[in-house]
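Okay, so here's the structure we're looking at.
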Amino acid sequence: MKKLILLATLVFTTMTNAQEVTKIVPQVSVTGEGKIKVKPDQVSINFGVENLGKDATEVKKLNDETVDKVMKFIKKFGIPTSDFQTTNVSLQRNYDYDKKKYNYRAYQNINILLKDITKYDELMMGLVDTGINNIDNVEFKSSKIEDFRSQARKEAMKDAKHKAEDYVSVLNQKIGKAITISDNSVNVYYPQRAMMKYDMAVADGAGANQETLAVGEIEVTANVSVSFSLE
């Protein structure tokens with residue numbers, strides 16, 4: 001008899017627990033987006049030095065001489081060693097099918113993080129004077145990007161809450177606590193890029209006093225999915 005009572009108790013407890021697990025909680029699920037417009041205060045410049053010729057040793061020598069001038073100028077300009085770096089060095093042998101001869105190409109890439117955008121034109125003029133002949137990429141950045149990401153996330157949550165309140169207001173209900181929160185952000189920071197080939201004519205001083213950079217704004221975004229309980 002005791003065994004039957006114990007078994008019945010277990011069955012009742014199991015059924016009760018199952019009902020609690022399957023109990024539907026009224027809720028509303030929405031998405032929210034936050035966007036922050038930011039004026040950049042830094043610029044990343046990726047540029048290169050390239051030389052072509054018939055002799056590998058001579059081509060490399062010419063390239064190394066220019067790179068040496070570039071490095072000395074960067075240091076004299078006052079950029080810390082932590083803010084510039086060689087990103088690629090290559091010496092290639094290529095075959096010219098028209099002339100049926102081999103030639104050589106020496107190339108070196110350098111990246112600079114300039115933390116004072118107002119000095120951009122001065123820096124670029126100096127680099128051109130040293131002999132660089134390629135600018136591969138210019139990217140605007142913000143030194144306070146993590147703070148702006150945090151702001152964007154908060155704005156996304158506010159947007160989600162506002163949407164949820166709109167939905168339930170017509171039902172004469174209110175939203176309660178958040179049940180689940182999911183971060184759907186893939187790219188929360190969109191740096192503004194400028195792909196360009198620098199006009200080497202400025203090396204003659206033609207554009208020394210001209211403004212050549214439109215900084216604009218960069219965008220920081222966040223996206224969330226939130227489920228609120230209904231009251």
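Quick note: the coordinates plus some simple rules give every number you see, no bench work behind them. Note that this is a predicted model, so its numbers are computed, not measured. Every residue, glycine among them, receives a Cβ derived from its backbone with ideal geometry; neighbour counts consider all protein chains shown.
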*asked:* Can you give the FRET efficiency to the nearest 0.05 for Lys35 and Lys119, using r as the Cβ-Cβ distance and R₀ = 30 Å?
replied: 0.50
*In the range 59-157, trypsin sites (Lys or Arg not before Pro) in a DSSP loop with at most 16 other beta-carbon atoms within 10 Å*: Lys99, Lys100, Lys115, Lys144
_Once R0 is set to 35 Å, what does the formula 1/(1 + (r/R0)^6) return for the Cβ-Cβ distance between Lys144 and Asn94, expressed as a FRET efficiency to the nearest 0.05?_
0.20
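By how many nm would the segment from Ser169 to Asn103 grow when fully extended, if each residue of separation counts as 0.36 nm and the alpha-carbon distance is taken off? Walk me through the numbers on the way to the answer.
Values: separation 66, 0.36 × 66 = 23.76 nm, distance 7.39 nm.
The Ser169-Asn103 span can extend by a further 16.4 nm.
Around Leu62, under 13 Å between beta carbons, what's the net of Lys plus Arg minus Asp minus Glu among the other residues?
Numbers: positive: Lys54, Lys60, Lys61, Lys69, Arg105; negative: Glu50, Asp55, Glu58, Asp64, Glu65, Asp68.
Surrounding charge for Leu62 is -1.
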*Summing Lys, Arg as +1 and Asp, Glu as -1, what charge do residues with Cβ under 10 Å from the Cβ of Glu219 carry, Glu219 excluded?*
+1
*Kindly write out, for the range 141-158 in residue order, the coupling ³J(HN,Hα) from the Karplus curve 6.51 cos²θ - 1.76 cosθ + 1.60 (θ = phi - 60°), rounded to whole Hz, with x marking Gly and Pro.*
9, 10, 6, 10, 4, 5, 5, 6, 5, 4, 4, 5, 5, 5, 5, 5, 5, 4
_Residue-wise HN-Hα coupling along the range 92-106, computed from phi with Karplus coefficients 6.51, -1.76, 1.60 (Hz; x: Gly, Pro)_ = 10, 9, 10, 9, 8, 5, 6, 8, 6, 9, 8, 10, 10, 10, 9
*How large is ³J(HN,Hα) for each residue in the range 64-76, as worked out from phi by the Karplus curve 6.51 cos²θ - 1.76 cosθ + 1.60 (θ = phi - 60°), to whole Hz, x for Gly and Pro?*
5, 5, 5, 4, 4, 5, 4, 4, 5, 5, 4, 5, 5
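For the range 42-141, what relative contact order do you get, as a whole percent, if you take Cα pairs closer than 8 Å and at least 6 residues apart?
Working: 178 pairs, mean separation 50.1, N = 100.
Averaging sequence separation for qualifying contacts and normalising by length gives 50 percent for the range 42-141.
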_Interatomic Cα distance distribution for the range 42-141, bins of 10 angstrom, percent_ = 15, 45, 25, 12, 3
